[in-house]
Amino acid sequence: MSGHDEPLTDLGAVLFASLPRSDQRRMARTYVRGLLTTRGRKSFRNMAYSLGGPRLEQSLHHFVSCSTWDWTPVTRAVADIMMPVAPPRAWVLRPLVTQREGESTVGVHKRFFAGSGQVLNAQYAVGLWAASPVLSYPLVWRLLLPPEWLQDEARRVRASIPDGFTPETPVECAVGAYLGLPADLRGRLPVVMDVCGIDTAVAVHRLRAARLPFLVRAYRGLHLTAADPGLPGYGAGPLPMYQILAAAKAPRVPVAARAPDRGIPDVRPEAGGAPPAPLPGGEEPPRGLVAAVRVRSPHHPVRPGGRDGHHDPYDLLLFRTRTDTRHRPDEVWLTNMLDADPATLLSLTALPHRVDDSFERVTGCLGMRDFTGRSYGGWNRHATLASAAHAVALHSHGPADLPFGRTFAAEPGHLSVSGV
């Protein structure tokens, strides 16, 4: 017996209720158990050996790569289970880049990644996370499909990519991940987009057109128009954002309180039953507001007498944050939440780091990167089941901030989860 069996049995009835056949529901629980208990890479073969024998490998492969069950209702079930007990403060959009060898794995292509300054052969995806200062968990994953895959008919057929898909930019992929949320959950919370290498101006316009409260992390190269008449450069037209920030006076804003480092279990095999070793981002350092100024939307200077819907000029807040550490650079953000208090904005900008920590300690260890098949549907089913496994892991070990009421000891030979 695994410490995950009881919560997996209880939650599985809800998580997989949408699967039409009892054998599919049973296999879904088996697959999630494999993600939770298999050491090392979560390949079909490794999970089969961990769960009982090589004959299970083909069944696991068929269930994920070749089956037709819809993963969207499972996403909804994860949200219904997690949100009442771990309410998010925002939806966070973060990229997932997985380097691959060869070109057979679905979505793999060569792309320049600004964060590393390299051209990598990799899969590019975006995850949408329900995030709070205490706990974060993934709900939606979207794989970017480049022209190399969508314009090659043989590849499309081999990967079973549905008709109607067109090549996406990283911004479109991120917005698509947000739209993968159930419709009744959209618009409830602000969207925090921290995706290196995106066209920030396009991201801002897309989110505003969707009438969402948002924060978008801005990177170098963005030009904005100063909207504050008292600011040097007012009326000069678009200026580099760093030039505008340099001219702004530093506001008198208190440093945000340190977020509690609780609720993130550690499923790394080496963790054992001991408290997890410190990880980058595991404890968010205090952060303060260095400068903030109102600006006009990017690439849209005021045109007298002209109106063009969502492309009319509009005000944003451009602000810069600094953390109390030498190892993390300043960050620059744009938001349309002009009346939000500084403490709220600072808290929201810390959430992508909490998401990264949750991925490193939980989701990544549960095999999110480990699907290497050709099937587009297979990648999505695997990703959705990894999100379900993340939810089960949290329930299995009852972090102190969640009212789950059970704590399981680590078992020899299994991945362990221990509250932080």
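The values are calculated or read from the model by the stated rules, or taken from the named source; none is laboratory data. These numbers come from a predicted model, not from an experiment. Reconstructed Cβ throughout: ideal geometry from the backbone, glycine too, with neighbour counts over all protein chains shown.
Taking the range 342-367 on its own, how many of its residues are surrounded by fewer than 20 Cβ atoms within 10 Å (Cβ to Cβ) and within 22 Å of ILE244 (Cβ to Cβ)?
1
The rows are residues; the columns are (1) free of Cβ contacts under 8 Å to residues at least 60 places away in the same chain; (2) closer than 22 Å to THR363 by Cα.
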{"site": "ALA122", "(1), (2)": "yes, yes"}
{"site": "THR166", "(1), (2)": "yes, no"}
{"site": "LEU181", "(1), (2)": "no, yes"}
{"site": "ARG186", "(1), (2)": "yes, no"}
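Take the range 211-246 and flag every residue that is at pLDDT below 90, under 30 Å from GLY187 (Cβ atoms), part of a loop (DSSP other than H, G, I, E, B) and of a type in the set (A, V, I, L, M, F, W, C).
LEU222, ALA227
I need the full set of residues from the range 157-210 which are assigned to a loop (DSSP other than H, G, I, E, B) and among the charged types (D, E, K, R), in order please. Step through it out loud before you land on a result.
The initial filter retains those residues of the range 157-210 that are assigned to a loop (DSSP other than H, G, I, E, B), namely 160-169, 180-182, 186-190, 194-199, 210.
ASP163, GLU168, ARG186, ARG188, ASP194, ASP199 - these are the residues of the range 157-210 that are assigned to a loop (DSSP other than H, G, I, E, B) and among the charged types (D, E, K, R).
Report yes if some residue within the range 78-97 is basic (Lys, Arg), within 22 Å of ASP370 (Cβ to Cβ), touching a helix residue (DSSP H, G or I) at 6+ places or on another chain (Cβ under 7 Å) and not in a loop (DSSP other than H, G, I, E, B); otherwise report no.
To start, the set of residues in the range 78-97 that are basic (Lys, Arg) comprises 89, 94.
Add one more test, that the residue is within 22 Å of ASP370 (Cβ to Cβ), and what stays is 94.
Pick out the ones that are also touching a helix residue (DSSP H, G or I) at 6+ places or on another chain (Cβ under 7 Å) and you get 94.
Subset that is not in a loop (DSSP other than H, G, I, E, B): 94.
Yes, some residue in the range 78-97 is basic (Lys, Arg), within 22 Å of ASP370 (Cβ to Cβ), touching a helix residue (DSSP H, G or I) at 6+ places or on another chain (Cβ under 7 Å) and not in a loop (DSSP other than H, G, I, E, B).
I'd like to know if the range 14-22 contains one or more residues that are closer than 19 Å to VAL362 by Cα and either in contact with an Asp or Glu (Cβ under 7 Å, 6 or more places away or on another chain) or not aromatic (Phe, Trp, Tyr) (or both).
Of the range 14-22, the ones closer than 19 Å to VAL362 by Cα are 15.
Okay, now just the ones that are also either in contact with an Asp or Glu (Cβ under 7 Å, 6 or more places away or on another chain) or not aromatic (Phe, Trp, Tyr) (or both), so 15.
Within the range 14-22, one or more residues are closer than 19 Å to VAL362 by Cα and either in contact with an Asp or Glu (Cβ under 7 Å, 6 or more places away or on another chain) or not aromatic (Phe, Trp, Tyr) (or both).
Are any residues in the range 327-341 out of contact with any Phe, Trp or Tyr (no Cβ under 7 Å at 6 or more places or on another chain) and within 15 Å of LEU245 (Cβ to Cβ), and if so, which ones? Spell out how you get there, then give the answer.
In the first step, residues of the range 327-341 are kept if they are out of contact with any Phe, Trp or Tyr (no Cβ under 7 Å at 6 or more places or on another chain); the result is 327-332, 334, 337-341.
The answer is PRO329, ASP330, GLU331, VAL332, LEU334.
On the given criteria, is GLY187 loosely packed, with under 13 Cβ neighbours inside 10 Å, of a type outside the set (A, V, I, L, M) and modelled with pLDDT under 90?
Working: loosely packed, with under 13 Cβ neighbours inside 10 Å: no; of a type outside the set (A, V, I, L, M): yes; modelled with pLDDT under 90: yes.
Here the answer is no, as GLY187 does not meet what is asked.
Name the single residue that is farthest from the chain's Cα centre (by Cα) among those in the range 151-178 being under 20 Å from ALA210 (Cα atoms) and of a type in the set (Gly, Ala, Ser). Walk me through how you get there before you give the answer.
Filtering the range 151-178 down to residues under 20 Å from ALA210 (Cα atoms) leaves 168-178.
Next, from what is left, pick out any that are of a type in the set (Gly, Ala, Ser): 174, 176-177.
On the way: ALA174: 9, GLY176: 12, ALA177: 9 Å.
By that ranking, first place goes to GLY176.
Among the residues of the range 105-124 satisfying the criterion of being assigned to a loop (DSSP other than H, G, I, E, B) and out of contact with any helix residue (DSSP H, G or I) (no Cβ under 9 Å at 6 or more places or on another chain), which is modelled with the highest pLDDT? Don't jump to the end; show me each part of the working.
At the first step, the residues of the range 105-124 found to be assigned to a loop (DSSP other than H, G, I, E, B) are 105-108, 114-117.
Now drop any that are not out of contact with any helix residue (DSSP H, G or I) (no Cβ under 9 Å at 6 or more places or on another chain), which leaves 114-117.
Working: ALA114: 77, GLY115: 72, SER116: 76, GLY117: 81.
The residue in question is GLY117.
Of the residues ALA130, ALA154, only one is assigned to a helix (DSSP H, G or I), farther than 19 Å from ARG381 by Cβ and of a type in the set (A, V, I, L, M, F, W, C); which?
Details: ALA130 fails: assigned to a helix (DSSP H, G or I).
On inspection, the qualifying residue turns out to be ALA154.
Output the number of residues of the range 134-157 satisfying the condition of being of a type outside the set (A, V, I, L, M, F, W, C), over 23 Å from VAL392 (Cβ atoms) and in contact with an Asp or Glu (Cβ under 9 Å, 6 or more places away or on another chain). If you could, list the steps in order and put the result at the bottom.
So the first thing to find is which residues in the range 134-157 are of a type outside the set (A, V, I, L, M, F, W, C), and the list is 136-138, 142, 146-148, 151-153, 155-156.
Now narrow it down to the ones that are over 23 Å from VAL392 (Cβ atoms): 146-148, 151-153, 155-156.
Still in the running and in contact with an Asp or Glu (Cβ under 9 Å, 6 or more places away or on another chain): 146, 148, 155-156.
So the answer is 4.
Between a residue in the range 132-160 that is touching a residue at least 40 places away in the same chain (Cβ under 8 Å) and within 19 Å of VAL97 (Cβ to Cβ) and any residue that is among the hydroxyl-bearing types (Ser, Thr, Tyr) and surrounded by fewer than 16 Cβ atoms within 10 Å (Cβ to Cβ), which pairs come within a Cβ distance under 9 Å, given they are 6 or more apart or on different chains?
LEU145/THR166
Might you check whether a residue that is in contact with a strand residue (DSSP E or B) (Cβ under 9 Å, 6 or more places away or on another chain), under 21 Å from ASN121 (Cβ atoms) and small (Gly, Ala, Ser) occurs anywhere in the range 192-211?
Just the residues of the range 192-211 that are in contact with a strand residue (DSSP E or B) (Cβ under 9 Å, 6 or more places away or on another chain), to begin with: 192-198, 200-201, 203-204, 207-208, 210.
Checking which are under 21 Å from ASN121 (Cβ atoms) leaves us with 195-198.
Now restrict to residues that are small (Gly, Ala, Ser): 197.
Yes: one or more hits.
Do you know which of the residues in the range 173-184 that are in contact with a strand residue (DSSP E or B) (Cβ under 6 Å, 6 or more places away or on another chain) and farther than 19 Å from PRO87 by Cα is surrounded by the fewest Cβ atoms within 10 Å (Cβ to Cβ)?
Among them, the one singled out is GLY176.
Which members of the range 7-62 meet the condition of being part of a loop (DSSP other than H, G, I, E, B) and within 26 Å of the chain's Cα centre (by Cα)? Please lay out each step first, then the result.
Going through the range 7-62, the residues part of a loop (DSSP other than H, G, I, E, B) turn out to be 16-21, 38-43, 52-55.
Correct list: PHE16, ALA17, SER18, LEU19, THR38, ARG39, GLY40, ARG41, LYS42, SER43.
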